[in-house]
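Read through the structure below, which is laid out as structure tokens, and then see the notes.
FYI, it's all coordinate maths here, none of it is from the lab. Treat the numbers as computed from the prediction; the structure is a model and nothing was measured.
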Amino acid sequence: MKAFGATRPAVGAMALSMARAACEHALDYAREREQFGRKIGGFQVIVFKLADMKTRIDASRLLARRAGWMARQDKPFAQAEGSTPARRPCV
């Protein structure tokens, strides 16, 4: 079980990097795509979704760092801290 715990921060970091790439892609798309004669990045609902995405990614980044610290300190993952970033970073 110790080996599984050691991989948790790495898996969380990989999921986080995919989420960051998806967020950057969504931001680029919102800047380019037009609907009803304006860029969709100007619609309030899109702005809120992108802001929520960035907030979740930042929270996930902090959780992944905490999981890495816990792994280095040999602390137990009592609440699955290392896998939390992979759960819902961008939804």
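Karplus-derived 3J(HN,Hα) values for segment 53-60, using 6.51 cos²θ - 1.76 cosθ + 1.60 with θ = phi - 60°, are 4, 5, 5, 5, 5, 5, 5, 5 Hz; glycine and proline are entered as x.
The alpha-carbon of Lys49 sits under 15 angstrom from the alpha-carbons of these aspartates and glutamates, leaving out residues fewer than 8 places away in its chain: Glu24, Asp28, Asp58.
Rounded if a/c is under 1.5, else prolate if a/b beats b/c, else oblate: with a ≥ b ≥ c from the C-alpha gyration tensor eigenvalues square-rooted, which is segment 11-67? Prolate is the answer for segment 11-67, as a/c is 1.5 or above and a/b outweighs b/c. With a cut-off of 8 Å between alpha carbons and a minimum separation of six or more residues, what is the relative contact order of segment 19-78 in percent? In percent, rounded to a whole number, it is 24.
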